Amino acid sequence: MKLQTPSLLYLVCITSLLFILSESTQPPFSCDASDPATKSYPFCETTLPITQRVRDLVSRLTLGEKISQLVNSAPAIPRLGIPDYQWWSEALHGLAVSRGMRFNGTIRSATSFPLVILTAASFDVHLWYRIAQAVGIEGRAIYNVGQAMGLTFWAPNINIFRDPRWGRGQETPGEDPLVTGKYAVSYVRGIQGDSFEGGKLGENLQASACWKHFTAYDLDNWKGVTRYDFNANVSLQDLADTYQPPFQSCIEEGKASGVMCAYNRVNGVPNCADYNLLSKTARGQWGFNGYITADCDAVATIYEQQGYVKVPEDAAADVRKAGMDVDCGSYLLKYTKLAVEKRKLSLSEIDRALYNLFSIRMRLGLFNGNPVKQPFGNSGLDQICSQEHQNLALEAARNGIVLLKNAKKTPSAFKNQNNFPCSNGPQCRFRTNTSWKLCRPSLQNYYTIERLQSYVKDTRFHQGCSAVNCSSAFTDQAMNVATGADRIVLVMGLDQTQEREKLDRVDLVLPPKQQNLISAIARAAKNPIILVLLSGGPVDISFAKNDPHIGSILWAGYPGEAGGRALAEIIFGDHNPGGRLPVTWYPQSYTNIPMTDMRMRPEPSSGYPGRTYRFYQGLKVFEFGYGLSYSNYTYEFLPVKRNKVYLHIQVSSHVVGNSNPPGFIPVSKIGTEVCDKIKHQVTVRVENNGEMAGKHSLLLFVRPANMSNMRPVKQLVAFQSVNLKAGERAEIELQLRPCEHLSLANEDGTMVIEEGSYFLSIGDKEIEIQAVK
């Protein structure tokens with residue numbers, strides 16, 4: 001699909017986010033060494049344990065001061081030398097303007113990486129870590145120059161992209177629990193300042209990562225059902241092996257320091273008022289050590305939208321008893337004192353929240369004197385929008401973009417053409433906090449033409465639709481330009497007017513006039529056209545997939561500041577695409593399934609097809625993990641050292657539940673020691689048989705020999721990206737952990753392994769292994 005003389009570029013129109021300037025100041029902090037009034041406090045003594053320091057601080061607060069600290073905009077306590085603090089900052093794919101972070105001083109920009117769904121398509125955990133590391137460094141730098149009021153970032157979003165219509169699916173790593181969990185761990189370690197392997201950090205935090213949204217949150221506003229009043233009915237089975245695993249990994253492996261509970265109810269109980277969820281599961285079973293925030297105004301919804309309690313102060317009491325610490329909003333500020341006066345909430349329960357909150361601020365070094373003189377104090381101006389970070393944004397876009405169709409099977413399909421127009425559907429945009437704003441069309445067109453002309457001097461631009469919904473399609477004008485062109489690239493798809501927070505889709509197809517425009521231009525063109533698709537969620541583009549006049553299709557997600565350059569390099573063959581879809585692309589008929597149905601597993605008797613590649617058995621436009629390349633890669637399993645997994649049972653182990661049929665062995669009965677012993681490596685030889693070097697992701701799946709409605713059709717158990725030169729081969733070791741990879745949840749949520757045969761597969765190759773008692 002390479003163009004050497006004609007070209008395309010769609011550019012996400014920022015290189016960085018630009019804002020008005022004002023003078024910066026020093027960062028806010030407590031325990032100034034030059035202030036004799038504060039440095040005598042034990043909570044300022046850095047040689048004491050944080051637990052002791054926090055208890056001293058909390059003991060000095062009045063009830064009014066305590067309550068004031070339970071909301072995201074925590075005011076200053078001047079008599080103790082404590083500045084105000086803002087818990088709410090955003091860093092989903094780069095720093096964003098938010099309550100806690102402003103670009104109004106010396107620093108006026110931040111690196112903008114691709115939206116998470118595209119970054120996930122790289123299947124590269126090291127890339128994910130490095131992006132988060134860069135975001136954390138830039139966040140600390142902005143704080144160090146005094147342009148931030150907090151270092152607690154409410155990211156990553158690691159909900160499962162269960163339904164393709166979800167407006168916020170673009171913020172997530174996709175539909176697979178393993179991928180989502182690996183992304184979560186990489187992101188948290190990177191932004192918090194830990195090593196890639198973890199375990200380096202200790203108490204000090206570069207920044208604090210707060211994952212969201214706990215739990216089973218993946219509906220915003222669909223046909224009148226909103227996230228505020230939605231009650232997600234979820235089975236224990238689906239909770240155990242789909243919805244909860246990414247959160248568990250984020251705590252146990254990533255050591256995340258923040259959790260956000262979601263708006264919705266799960267099985268009738270509001271997430272932020274669920275003791276079993278927040279205290280028993282997150283803190284008790286998984287060992288969470290950090291703070292828990294409500295999503296913004298989620299406490300208010302418990303009374304106002306959900307009617308779960310009879311009076312507002314009961315909502316304030318219930319969330320604190322459940323284990324929530326800080327309210328994004330004002331409900332706890334308004335009603336906590338009343339709850340105390342009515343003896344619905346004890347002072348000790350308020351104190352426990354404050355221990356968690358001030359512990360995080362101390363771990364960030366904000367009670368150790370000037371942060372510039374502390375660990376992470378060397379982050380500054382030179383690390384914001386550094387060349388290294390801009391290169392990383394380009395790398396992320398290059399490696400995430402997915403080649404969905406390439407009829408010519410080569411990057412060198414188009415040569416020696418002189419005239420090349422680009423018809424543009426969707427507008428470029430960037431994200432600031434929770435709103436998406438249009439870049440100026442004139443700026444967009446300038447950068448589009450500029451990039452095209454870097455490859456092809458005679459490049460012409462034409463806007464195909466008045467807006468992304470294509471209410472007015474300029475078909476006649478576009479056709480006039482297209483019929484005289486040697487090659488055509490259409491940049492089409494969706495934007496935030498179609499999918500975003502608070503807006504779910506009702507269709508999976510493109511706006512009708514967009515589709516008509518694509519087909520009309522494709523038929524009129526001299527040569528097969530290239531279609532570039534921008535979207536966060538899946539789109540049913542069966543018409544384009546099957547149209548011989550459309551030679552190539554690229555999915556570019558929302559590719560960040562370097563997306564335009566990355567697309568141009570791929571189209572002209574300067575970069576070999578290697579992205580793979582992190583979600584299933586369903587046909588439009590999938591919209592017949594209510595978005596409110598949370599079941600993962602199919603129910604053949606009712607015609608319910610199931611969800612995600614693990615359980616869905618219907619027609620697909622593109623499969624999870626699909627992605628083409630300019631190279632052809634072949635695989636070979638090397639002989640395995642062990643094709644039988646012996647599940648030695650600890651007879652004395654306690655088994656939870658009694659619903660396991662014969663042949664199903666609870667993982668808890670096998671025991672940790674045996675589970676560790678039966679881990680082993682699977683070696684795959686991969687070879688690049690193409691003429692270009694490329695980065696390629698190996699995806700290792702497992703499937704059972706005997707299918708049942710209880711089991712996934714197949715399941716990803718390991719993945720790794722590898723760089724291979726043309727003709728090069730490599731042997732890649734992937735770890736199989738049977739207690740994790742061969743297990744599934746039974747109906748009561750107990751993880752079990754079924755005895756019998758399984759097949760490991762990668763590409764078109766399979767090997768058999770057996771699990772025996």
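The values are calculated or read from the model by the stated rules, or taken from the named source; none is laboratory data. Being a predicted model, the structure only gives us computed values, none of them experimental. Here Cβ is always computed from backbone atoms with ideal geometry, including for glycine, and neighbour counts include all displayed protein chains. Please note that ligands, DNA and RNA were not included when accessible areas were found on the heavy atoms of the full protein model with its side chains. Shrake-Rupley method; radii C 1.70, N 1.55, O 1.52, S 1.80 Å.
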Exercise for the section: Read phi for every residue in the stretch 554-566 and hand back ³J(HN,Hα) as whole Hz from Karplus 6.51 cos²θ - 1.76 cosθ + 1.60, θ = phi - 60°, with x for Gly and Pro. Expected result: 10, 9, 10, x, 10, x, x, 5, 9, x, x, 5, 4
Practice task
Run through all the Cα pairs of the stretch 632-771 and give the fraction in each 5 Å bin from 0, expressed as whole percent.
Solution key: 2, 9, 19, 20, 16, 12, 9, 6, 4, 2, 1, 0
Fill in the blank from the handout: The alpha-carbon center of the stretch 271-340 and that of the stretch 702-742 are separated, in whole Å, by 40 Å
Problem - Selection from P602, G578, A568, by position along the positive dipole direction of the stretch 567-623 (Cβ) - result: P602
Completion exercise
Taking only C-alpha positions in the chain, Rg and Dmax in angstrom work out to 26.7, 81
Handout entry: Residue-count net charge about T62 - beta-carbon cut-off 12 Å; Lys, Arg +1, Asp, Glu -1
Key = +3
Fill in the blank from the handout: Taking the reciprocal of mean 1/r across every pair of different Cα atoms in the stretch 32-91, the Kirkwood radius in Å is 12.7 Å
Exercise for the section: On a C-alpha basis, how far is the centre of the stretch 40-115 from the centre of the stretch 570-609 in Å? Whole number, if you could? Expected result: 41 Å
Exercise for the section: Give me the accessible area per residue for the chain, probe 1.4 Å, as a whole number in Å². Expected result: 37 Å²
Fill in the blank from the handout: Of the listed pairs K679/K773; K644/K765; K212/K714; K66/K344, those with alpha carbons more than 21 Å apart are K212/K714
Problem - Net charge dipole size for the stretch 632-771 [Lys, Arg +1 and Asp, Glu -1 on Cβ; Debye, nearest 20] - result: 160 debye
Practice task
Quick one: which residues, 5 or more positions from T106 or on another chain, have an amide H under 5 Å from its amide H? H modelled 1.01 Å from N in the peptide plane, none for Pro or chain starts.
Solution key: S22, S24
Fill in the blank from the handout: Sorting T180, Q248, G150 by the position of each Cα along the dipole of the chain (Lys, Arg +1; Asp, Glu -1; all at Cβ), the one nearest the positive end of that ordering is T180
Handout entry: Nearest-20 debye value, the chain charge dipole, Cβ charges on Lys, Arg, Asp, Glu
Key = 420 debye
Problem - Accessible carbon and sulfur surface of the chain relative to its total accessible area, %, 1.4 Å - result: 48 percent
Exercise for the section: For every helix of n ≥ 4 consecutive DSSP H residues, a contribution of -39,500 (n - 2.57) applies; sum these over the chain, divide by its total residues, and give [θ] at 222 nm rounded to the nearest 500 deg cm²/dmol. Expected result: -7500 deg cm²/dmol
